[in-house]
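J.: What follows is a single structure, and I will ask about it in a moment.
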Amino acid sequence: MARLFEGRHHAEIYAKYRPTYPIDVAAKVIDYAGKPSSTGLMVDIGCGNGQSTEIFAPYFDKIVAIDASASQIEEAKSSSSEGCANIEYLVASAEAIPVSDKSVDVICSGQAIHWVDWDNFWTECRRILKPNGSVVLFGYHMPHVVPEGITSTQQLEHLRSEARKCTIHLRSICQLHERLRHLDNRYIDLFELIPTQHKQRDDSLKIERRWTMQTFQKYLTTWSGYQRILAENKVQDGKKDVLREYLDNLKTIFHCQDKSDDSINLLVTWDIFMLFAKHPQSVSP
Ligand SMILES: C[S@@+](CC[C@H](N)C(=O)[O-])C[C@H]1O[C@@H](n2cnc3c(N)ncnc32)[C@H](O)[C@@H]1O
C-alpha cells in the first residue's frame with residue numbers, strides 16, 4: 001500500500017486547505033444508485049478528513065468512512081460537522097473493509113482509489129455490496145487558475161493556458177507519485193479496468209473556489225509530492241522555494257508582480273470526473 005498522508009501535519013493542512021466537493025456530486029451518485037432504503041449503508045474509501053463523506057450524510061442511514069491513515073481519521077473525527085452523526089470514521093484499508101457481506105448500497109471513493117490495490121478492492125466490492133449495489137469512484141484534476149474579474153474570453157483562455165504550463169511544470173518538479181498518472185488522465189484507464197460492462201462516466205462537474213493567491217499557496221502545500229520533497233529537504237530547487245517560484249511566475253503572467261499574495265484574487269477550478277458501476281458479480285471481467 002502506498003504510505004502517504006500519514007503525518008499529523010499533512011492531515012491538518014489537508015483538512016484546512018483541500019477543497020470539498022459540491023453537493024451535486026452526491027446528487028449524481030443518488031441519481032445513479034437510486035434512493036437508498038431506510039437502512040441504506042454507504043462506505044467511503046480513503047475518506048481523508050471527511051471531505052468526500054459529509055455531502056452524503058443526508059442520503060444514508062449510516063456511512064462507514066475508512067482511511068488507512070490514523071492521522072486523517074483523527075482529523076475527520078475532530079472536525080466532523082453538525083448533522084453528520086450517522087458517519088462512523090474508522091482506520092481501515094480498502095483491501096479489508098470492516099463491514100459484513102452483502103450489506104452495502106453504495107461504495108464511494110473520492111480522490112483515493114488510485115492509491116489502493118485495485119484487484120483486492122474489487123474482491124471486497126463483490127463481497128460487501130448488496131446485489132443491486134453501486135460503486136462510484138471520483139476525483140479531480142490539477143487546478144486551472146486565472147485572475148478574478150477578466151471579462152474577455154480570449155484573454156481568459158490565454159492566461160489559463162499560460163498558467164497551466166506553469167502548473168504542469170510545478171507538478172513535474174514535485175516528483176509526484178507515479179500513481180497520480182491516473183488522475184492526470186482523469187481515470188480513463190481505471191474506467192476500462194472496472195470489471196463490469198455496466199458502467200458509465202460523468203465529467204460535467206467542477207469545484208470552484210475564489211481564493212487569494214495566499215490561500216492557493218496553502219492548498220498547493222497539501223500536494224503529497226510537495227510534502228515528500230519537503231520531508232526530504234529538497235524544497236529549495238536551487239535557491240528559491242519551488243512554490244514561491246511558481247507563484248512568482250503566475251504573477252508575471254497575470255501582470256501583478258507588485259502585489260502581495262493576499263491582495264491577488266484568483267478563480268481556481270478543478271474538473272471533477274466520476275465513474276459509476278453496478279455490482280460486478282454477474283458479469284465476468
Ligand atoms: C487524496 S486523499 C483523499 C481524501 C478525500 N477522500 C478527498 O476526496 O479529498 C487519499 C486518501 O486515501 C487514503 N488511502 C490511501 N491508500 C488507502 C488504502 N489502501 N485504503 C484506505 N485508504 C487509503 C490516504 O490515507 C488518504 O487519506
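J.: Residues being touching a residue at least 24 places away in the same chain (Cβ under 8 Å) and over 24 Å from ASP31 (Cα atoms): count how many of those fall in region 184-230.
T.: 22
J.: Check region 111-120 and report whether any residue there is free of Cβ contacts under 8 Å to residues at least 12 places away in the same chain and either surrounded by fewer than 24 Cβ atoms within 10 Å (Cβ to Cβ) or among the basic types (Lys, Arg) (or both).
T.: yes
J.: Check whether at least one residue in region 244-254 is over 20 Å from GLU157 (Cα atoms), at pLDDT below 95, touching a Pro at 6+ places or on another chain (Cβ under 8 Å) and not hydroxyl-bearing (Ser, Thr, Tyr), and report yes or no.
T.: So far as region 244-254 goes, no, none of its residues is over 20 Å from GLU157 (Cα atoms), at pLDDT below 95, touching a Pro at 6+ places or on another chain (Cβ under 8 Å) and not hydroxyl-bearing (Ser, Thr, Tyr).
J.: Further, regarding this structure: Just to confirm my filter: which strands (runs of 3 or more DSSP E) fall fully inside region 1-94 and include at least 3 residues that are farther than 25 Å from VAL268 by Cα and open to solvent by less than 30 Å² (accessible area, probe 1.4 Å)?
T.: Of the strands (runs of 3 or more DSSP E) lying wholly inside region 1-94, those with at least 3 residues that are farther than 25 Å from VAL268 by Cα and open to solvent by less than 30 Å² (accessible area, probe 1.4 Å) span 41-45, 62-67.
J.: I've got another one for you. Can you tell me which residue within region 9-30, out of those that are charged (D, E, K, R) and at pLDDT below 95, is nearest to CYS125 (Cα to Cα)?
T.: ARG18
Quick grid of which residues meet (1) surrounded by 14 or more Cβ atoms within 10 Å (Cβ to Cβ); (2) part of a strand (DSSP E or B); (3) not acidic (Asp, Glu):
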residue	(1), (2), (3)
GLU124	yes, no, no
ARG127	yes, no, yes
ASN132	no, yes, yes
PHE138	yes, yes, yes
THR167	yes, no, yes
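J.: So which residues in region 178-195 are outside any helix (DSSP H, G or I) and open to solvent by 50 Å² or more (accessible area, probe 1.4 Å), if there are any at all?
T.: ASN185, ARG186
J.: Filter region 260-285 down to residues that are at pLDDT 95 or above and either touching a helix residue (DSSP H, G or I) at 6+ places or on another chain (Cβ under 7 Å) or among the β-branched types (Val, Ile, Thr) (or both), then give me how many there are.
T.: 10
J.: State all residues of region 140-165 that are of a type in the set (D, E, K, R) and either open to solvent by 50 Å² or more (accessible area, probe 1.4 Å) or over 26 Å from THR20 (Cβ atoms) (or both); if no residue qualifies, say none.
T.: Scanning region 140-165 gives GLU148, GLU157, ARG160, GLU162, LYS165.
J.: Search region 107-127 for residues being more than 18 Å from the chain's Cα centre (by Cα) and more than 9 Å from the ligand (Cβ to nearest atom), and hand back the single one that is nearest to LYS28 (Cα to Cα).
T.: CYS125
The values are calculated or read from the model by the stated rules, or taken from the named source; none is laboratory data. Keep in mind it's a predicted model, so treat the numbers as computed, not measured. Don't worry about glycine lacking a Cβ; one is built from the backbone with ideal geometry, like all the others, and counts go over all protein chains shown. Ligands, DNA and RNA are excluded from the accessible area calculation, which covers all protein heavy atoms including side chains. Shrake-Rupley method; radii C 1.70, N 1.55, O 1.52, S 1.80 Å.
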